[in-house]
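Asks: Before anything else, here's the structure in question.
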Amino acid sequence: MSVTPRVLVILDGAAEPIWPWPSSLEDAQMPALDALCARGTVARVATTPAGLSPGSEVGIPTLLGAAPRGPVGRGRIEAAAAGIELPDGTSAWRIDLHHAEGRRAVTAEALLIRPELTARLADHEVTHLKGHRFLAVGTEPPEIREVAALSAHVWDDGEELARALDPRTVVIAAPGAAAGCGRLLGAHVVTPASATGDVGSDLWAKTRAALAALRSAETVVVHVGGADEAAHHRDRVGKTAMLEATDQDVIRPLARAVRAAGGVLAVTSDHATCVETGRHHAEPVPLVVAGRGVGRAGAVRLHERLVTRARVWESPWAPVGVTA
């Protein structure tokens, strides 16, 4: 019996808390996403299990059917994404550099500071990941709170993601949380060379990789990180522009391909990221699922204000086969 192909598009941090003014999803002109809503089920999906903090290291595994039971070691995920092996007896810690008012350090600042950070953490192997992010590998947690007048936040260690997938699931992502989660969970991960995970990422490179994977994979996951990055920089215009570009360059062509293949397409977010504060939020996020076995139900567009009373699913695929 043939398997219905599934494609999941994760718009990292696209959702937002409800304010008196429109959210980025509400403002964005996304005709391809609207078309999915017109023929599919619009609801919500829970991406942050009770007791855990919202973040990609929790939300992405939850969407992939492997919800963590406790806090996840983000450093381990970053190491897996970067292809860094952890010697026996060591672990990895992510370190973020911020200005006093909370603004993230940019890549140029991080590269200038790298020699001092490396010297201060002589017992660790220090790697610059991108932007404000570093990775420190060692036997003990790095003890550092500031470097060159910037605040240094060391992420706590936590559990490693258990292998729950196999190569029949293909994850398309830039080198970052989604790629690391995919590798640790056992999926096949594709990281297009021009995909950065930032606002300027090559979206078409991800789409081409997804279309290629759709020929043989059972589940294709496309992670788009630019909206989250813009929200952390509190850039409303940039976040809206990123959502609109994703609609044009990712959702539109994938919707056509999935419909032609008789498959199912789901679009959602791994967590909410407030563009006003740059902070993550744990409430369920908007979800649309369309395709074979999915009935028409719910709102006519995908944004937070329209789904406040919508049903909350535990999986993005749960609406498949459910009669409206």
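Asks: Which residues, taken from region 139-156, are more than 19 Å from GLY102 (Cα to Cα) and surrounded by 19 or more Cβ atoms within 10 Å (Cβ to Cβ)?
Replies: Result: PRO142, single match.
Asks: Also: Any idea which residue in region 166-185 is nearest to VAL250 (Cα to Cα), counting only those that are of a type outside the set (Asp, Glu) and open to solvent by 40 Å² or more (accessible area, probe 1.4 Å)?
Replies: Filtering region 166-185 for residues that are of a type outside the set (Asp, Glu) and open to solvent by 40 Å² or more (accessible area, probe 1.4 Å), the one nearest to VAL250 (Cα to Cα) comes out as PRO175.
Asks: If you take the residues in region 186-202 that are in a loop (DSSP other than H, G, I, E, B) and among the hydrophobic types (A, V, I, L, M, F, W, C), which one is most open to solvent (accessible area, probe 1.4 Å)?
Replies: The extreme case among them is ALA193.
Every residue, every condition in (1) polar (S, T, N, Q); (2) buried (at least 24 other Cβ atoms within 10 Å of the Cβ); (3) without any contact (Cβ under 8 Å) to a residue 60 or more places away in the chain, yes or no:
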| site | (1), (2), (3) |
| --- | --- |
| VAL3 | no, no, no |
| ILE10 | no, yes, no |
| GLU16 | no, yes, no |
| PRO20 | no, no, yes |
| ALA38 | no, no, no |
| THR41 | yes, yes, no |
| ARG44 | no, no, no |
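Asks: Taking the criterion of being touching an Asp or Glu at 6+ places or on another chain (Cβ under 7 Å) and either part of a loop (DSSP other than H, G, I, E, B) or open to solvent by less than 10 Å² (accessible area, probe 1.4 Å) (or both), would at least one residue in region 303-321 satisfy it?
Replies: Within region 303-321 (the criterion being touching an Asp or Glu at 6+ places or on another chain (Cβ under 7 Å) and either part of a loop (DSSP other than H, G, I, E, B) or open to solvent by less than 10 Å² (accessible area, probe 1.4 Å) (or both)), the answer is yes, since at least one residue qualifies.
Asks: Against the conditions (1) open to solvent by 60 Å² or more (accessible area, probe 1.4 Å); (2) under 17 Å from the mean Cα position of the chain (by Cα), where does HIS271 fall short? Just the number, please.
Replies: Looking at each condition in turn, HIS271 falls short on (1).
Asks: Could you check region 1-68 for helices (runs of 4 or more DSSP H) lying wholly inside it with 1 or more residues that are over 16 Å from the mean Cα position of the chain (by Cα)? Talk me through it step by step, then tell me what you get.
Replies: Details: elements: 24-27, 31-39, 56-63.
Hits in region 1-68: 24-27, 31-39.
Asks: Let me ask something else about it. Going through ASP34, ASP96 one at a time, which residue ends up being surrounded by fewer than 24 Cβ atoms within 10 Å (Cβ to Cβ), within 25 Å of VAL275 (Cβ to Cβ) and out of contact with any strand residue (DSSP E or B) (no Cβ under 7 Å at 6 or more places or on another chain)? Please lay out each step first, then the result.
Replies: Details: ASP96 fails: out of contact with any strand residue (DSSP E or B) (no Cβ under 7 Å at 6 or more places or on another chain).
Answer to the selection: ASP34.
Asks: Turning to a different aspect of this structure: Test THR246 against the stated conditions and say whether it is in contact with a His (Cβ under 7 Å, 6 or more places away or on another chain), of a type in the set (Ser, Thr, Tyr), crowded, with 24+ Cβ neighbours inside 10 Å and closer than 24 Å to PRO54 by Cα. Let's see the steps before the verdict.
Replies: Details: in contact with a His (Cβ under 7 Å, 6 or more places away or on another chain): no; of a type in the set (Ser, Thr, Tyr): yes; crowded, with 24+ Cβ neighbours inside 10 Å: yes; closer than 24 Å to PRO54 by Cα: yes.
Criteria not met by THR246.
Asks: Could you say which residue among THR273, THR308, THR277 is touching a residue at least 24 places away in the same chain (Cβ under 8 Å), hydroxyl-bearing (Ser, Thr, Tyr) and within 20 Å of ALA178 (Cα to Cα)?
Replies: Step by step, each of THR273, THR308, THR277 is checked, and only THR273 is touching a residue at least 24 places away in the same chain (Cβ under 8 Å), hydroxyl-bearing (Ser, Thr, Tyr) and within 20 Å of ALA178 (Cα to Cα).
The values are calculated or read from the model by the stated rules, or taken from the named source; none is laboratory data. Computed from a predicted model, the values in this text were never measured in an experiment. When we count neighbours, we look across all protein chains shown, and the Cβ atoms used for this are built from the backbone with ideal geometry, even at glycine. Side chains included, ligands, DNA and RNA excluded: accessible areas come from the protein's heavy atoms. Shrake-Rupley method; radii C 1.70, N 1.55, O 1.52, S 1.80 Å.
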